[in-house]
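Notes for the one structure printed next.
Here, each number is a calculation from the coordinates, and none is a lab measurement. Only a predicted model underlies this, so the values are computations on that prediction, with no experimental measurement involved. Here the Cβ positions follow ideal geometry from the backbone for every residue, glycine too, while neighbour counts run over all protein chains shown.
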Amino acid sequence: EIKAVMDYMGATILTFFLLPVMMGIAIGIRLTSRGPVIYRQPRMGLNGKIFQIYKFRTMYEGAQESLQTLLAENPDLEAEYRKNRKLRNDPRVTPVGRFLRVTSLDELPQLFNIINGDMSLGGPRPAFEDEIHEHYRELGSEYCLVKPGLTGLWQVSGRSDNNFDMRVRLDLWYIRNWSLWLDLVILVRTVGVVLFGKGAV
């Protein structure tokens, strides 16, 4: 499949050139906060396969365990999290992590997910299994027809400025209208989004 070949070659080339940047980020994370450099989370991929997605850690150690307490003590944050599955001003994010999120550099380790064959350069936003059941509902099987992407329509269409329902619509539109040209346009637009940090959390 031509898309798979392009994904592998593209991710391998990008990893080669960006390896010094990733090493610098790893050192920055290690020197400024306790915990592992790489954060792993389960996501749903092609044909419903669950895989571990890689990201640079952007939160303080123990952040996931403190989430429920944070939401229970802050009703406004709970409402925001229920709507978007993210918090715009998340107090659990480290200073280095905030920079990585604004620039999307925290997602660079996903290049290894692409090399491993679990993700593509372009595709729908990687989703948790419960997100598929809750938000995609009966269309979840359609989501599983392709691999999740390092970037996609959601990332170049406002990112966190959009709610989750818009993310679902963008993902499904991408799946139904995919072409190599569409991937190329998304990749080019991603460069601009990363440079200006629009819609990042």
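So what is the calculated 222 nm ellipticity per residue for the chain, using -39500 (n - 2.57) for each DSSP H run with n of 4 or more, over all residues, to the nearest 500 deg cm²/dmol? Spell out each step's value before the answer.
Working: 8 runs with 101 residues, N = 201.
Using -39500 (n - 2.57) per qualifying helix, the result is -16000 deg cm²/dmol.
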Stretched out fully, how many nm does the piece from Glu1 to Leu145 gain, at 0.36 nm a residue minus the Cα gap?
50.4 nm
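Counting pairs of alpha carbon atoms under 8 Å apart in space and at least six apart in sequence, what relative contact order in percent does the chain give?
Details: 281 pairs, mean separation 48.7, N = 201.
24 percent.
Multiply the residue separation of Ala79 and Arg30 by 0.36 nm, subtract the distance between their alpha-carbon atoms, and state the gained length in nm to one decimal. Walk me through the numbers before you get to the answer.
On the way: separation 49, 0.36 × 49 = 17.64 nm, distance 3.26 nm.
Length gained, Ala79 through Arg30: 14.4 nm.
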Lys pairs under 25 Å by Cα in the chain, provided they are eight or more residues apart or on distinct chains
14
Please give the Cα centre distance for segment 110-152 versus segment 50-80, rounded to the nearest Å.
20 Å
Out of all Cα-Cα pairs in the chain, roughly what percent, to the nearest whole number, are more than 24 Å apart?
40 percent
Looking at the chain, do any whole DSSP H helices span at least 27 angstrom along their long axis by alpha carbon and average 0.5 or above on Kyte-Doolittle, and which?
2-32
Inter-label distance for Leu182 and Val102, nm, one decimal - labels placed 7 Å from Cα along Cα-to-Cβ:
3.3 nm
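Using the Kirkwood radius over C-alpha pairs as Rh, can you work out the diffusion coefficient of segment 73-127 via Stokes-Einstein at 4 °C, viscosity 1.567 mPa s, in µm² per second? Mind showing how you got there, number by number?
On the way: Rh = 13.3 Å.
Here the translational diffusion coefficient equals 97 µm²/s.
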